[in-house]
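S.K.: I am attaching a structure below and will ask some questions about it afterwards.
The values are calculated or read from the model by the stated rules, or taken from the named source; none is laboratory data. Because the structure is a prediction, the values reported are computed rather than measured. Every residue, glycine as well, gets a Cβ built from its backbone with ideal geometry; the counts of neighbours run over all protein chains shown.
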Amino acid sequence: MDDLKDKDTVSVYFVNAALSHLDEAARAHALKTSGIPSELLGSPQARVTAPAFSALWRATALALNDEFFGLDGRPMKVGSFALLCHAVLACDNLDQALKRALRGFALFLDDIHGELRLDGAHAVIDVHNRIQAPQDRLFADETFLILVHGLMCWLIGHRVPLAQVSLAHARPLHAREYTRMYSQHLAFDQQLTRISFDAQVLGRPLVQNAATLQQFLKSAPQSVFLKYKNEDSWTVKLRRRLRSALGSETWPVFEELAAELGTTPTTLRRRLEAEGNSFQDIKDQLRSDLAINLLCHSAQSIDDIGAQLGFQDASAFHRAFKRWNGLQPGEYRQRRLSAAPPLKDR
């Protein structure tokens, strides 16, 4: 049953956003290097494995010599993030390290920077973004928050829960991704993009050293954007419970799950809606994520994969996978494997 453990995937939105500043030849090379079929790019619901997106990030950075995807007026040259990590290790606590990290980002980038301040019991990082193109501006905010928050979490050795994430953008179609990336407490159309968290965290000592930094950088950027994902949202709690039922003959019904989580179906449905999700969406994404990883990292037949995921009819699995990802499962596996050698799952 280990094959059915949760596997992270990344929305194709982030793939398209990462590729947006590459020319045609560089795009093709980055996709081939990461093993991502180009046919997925036109399917908004499609997803790719976390190792594939990590490889795409690295390939894009090398192609542009820019670890910030070409979004800023000044390239954040390859090696900048590693240099910044080395610079903060000498700090005594997270407060010092975070201030130094934000100063470092401000040196590397011209059009976006973060400012740390206190607001009562909360620490707040305001993101000031002067990028003009709307899509670039959004992706720059998303990327900046991932880099800053991921570094914070790694420095003290555990996730820093975010009390609130405010974005200076309308709710995008991929907003449901934010509940795992950042927090379930989201606000859109705000004056500034900002995150807030318990100010007491700033006093925490750093637990990392030069040896652990090498491992962190070796697995970056996956260690940054997924290792410290939010596990506290209602979406993730429900996903975790559904995952435990995979391989059984029946799925738990919504009313049973609400009772297990100590709430009512109406309240749970409302909380999921606030996070941009529904019970059916969560079931579909979980099965899609696991199917993608099994197709990419196992030799199981497609029918066996469908059966593992609870599809008694093989054709129903084929139809569902096509609806989720824009390709039949056989096409996904074939094109993924023809694009590049299989990536080792981390």
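S.K.: Taking region 284-302, which residues are touching a Phe, Trp or Tyr at 6+ places or on another chain (Cβ under 9 Å) and crowded, with 19+ Cβ neighbours inside 10 Å?
M.R.: Q285, R287, S288, A291, I292, L295, C296, I302, listed by residue number.
S.K.: Next up: Assess whether T266 counts as being exposed (fewer than 13 other Cβ atoms within 10 Å of the Cβ), among the β-branched types (V, I, T) and free of Cβ contacts under 8 Å to residues at least 12 places away in the same chain.
M.R.: Spelling it out, T266 is indeed exposed (fewer than 13 other Cβ atoms within 10 Å of the Cβ), among the β-branched types (V, I, T) and free of Cβ contacts under 8 Å to residues at least 12 places away in the same chain.
S.K.: Also: Only one of D189, D95 is among the acidic types (D, E), out of contact with any strand residue (DSSP E or B) (no Cβ under 6 Å at 6 or more places or on another chain) and assigned to a helix (DSSP H, G or I). Can you tell me which?
M.R.: D95
S.K.: Determine, yes or no, whether A245 is surrounded by 12 or more Cβ atoms within 10 Å (Cβ to Cβ), over 24 Å from E142 (Cβ atoms) and not assigned by TED's automatic domain parsing to the domain that holds V48.
M.R.: Criteria met by A245.
S.K.: Please tell me if H149 is of a type outside the set (F, W, Y), under 17 Å from the mean Cα position of the chain (by Cα), closer than 22 Å to A87 by Cα and assigned by TED's automatic domain parsing to the domain that holds L94.
M.R.: Working: of a type outside the set (F, W, Y): yes; under 17 Å from the mean Cα position of the chain (by Cα): yes; closer than 22 Å to A87 by Cα: yes; assigned by TED's automatic domain parsing to the domain that holds L94: yes.
Spelling it out, H149 is indeed of a type outside the set (F, W, Y), under 17 Å from the mean Cα position of the chain (by Cα), closer than 22 Å to A87 by Cα and assigned by TED's automatic domain parsing to the domain that holds L94.
S.K.: Here are F317, F321: which of them is of a type in the set (F, W, Y), in contact with a Pro (Cβ under 6 Å, 6 or more places away or on another chain) and not assigned by TED's automatic domain parsing to the domain that holds S11?
M.R.: F321
S.K.: Tell me the residue from A26, A30 that is touching a helix residue (DSSP H, G or I) at 6+ places or on another chain (Cβ under 8 Å), buried (at least 19 other Cβ atoms within 10 Å of the Cβ) and at pLDDT 95 or above, please.
M.R.: A30
S.K.: Scanning region 307-321 for residues that are at pLDDT below 90 and either outside any loop (DSSP other than H, G, I, E, B) or polar (S, T, N, Q) (or both), which turns out surrounded by the fewest Cβ atoms within 10 Å (Cβ to Cβ)?
M.R.: Narrowing region 307-321 to residues at pLDDT below 90: 307-314.
Next, from what is left, pick out any that are either outside any loop (DSSP other than H, G, I, E, B) or polar (S, T, N, Q) (or both): 307-308, 312, 314.
Details: A307: 16, Q308: 20, Q312: 9, A314: 16.
Filtering first and then ranking leaves Q312.
S.K.: Now for a different question. Please go through region 229-249 and pick out each residue that is modelled with pLDDT of 75 or more, assigned to a loop (DSSP other than H, G, I, E, B) and farther than 21 Å from H158 by Cα.
M.R.: Across region 229-249, the qualifying residue is only L246.
S.K.: Evaluate region 75-90: report whether one residue or more is touching a His at 6+ places or on another chain (Cβ under 8 Å) and touching a residue at least 24 places away in the same chain (Cβ under 8 Å).
M.R.: no
S.K.: Of all residues in region 121-136 being without any contact (Cβ under 8 Å) to a residue 40 or more places away in the chain and not aliphatic (A, V, I, L, M), which is surrounded by the most Cβ atoms within 10 Å (Cβ to Cβ)?
M.R.: Taking the candidates together, the pick is R130.
S.K.: Given the structure, is A101 part of a strand (DSSP E or B) and either of a type outside the set (A, V, I, L, M, F, W, C) or assigned by TED's automatic domain parsing to the domain that holds D189 (or both)?
M.R.: On the way: part of a strand (DSSP E or B): no; either of a type outside the set (A, V, I, L, M, F, W, C) or assigned by TED's automatic domain parsing to the domain that holds D189 (or both): yes.
Considered against the rule, which asks whether it is part of a strand (DSSP E or B) and either of a type outside the set (A, V, I, L, M, F, W, C) or assigned by TED's automatic domain parsing to the domain that holds D189 (or both), A101 comes out as no.
S.K.: Which residue is nearest to V201 (Cα to Cα), if the candidates are limited to region 86-117 and must be among the basic types (K, R) and under 25 Å from the mean Cα position of the chain (by Cα)?
M.R.: K99
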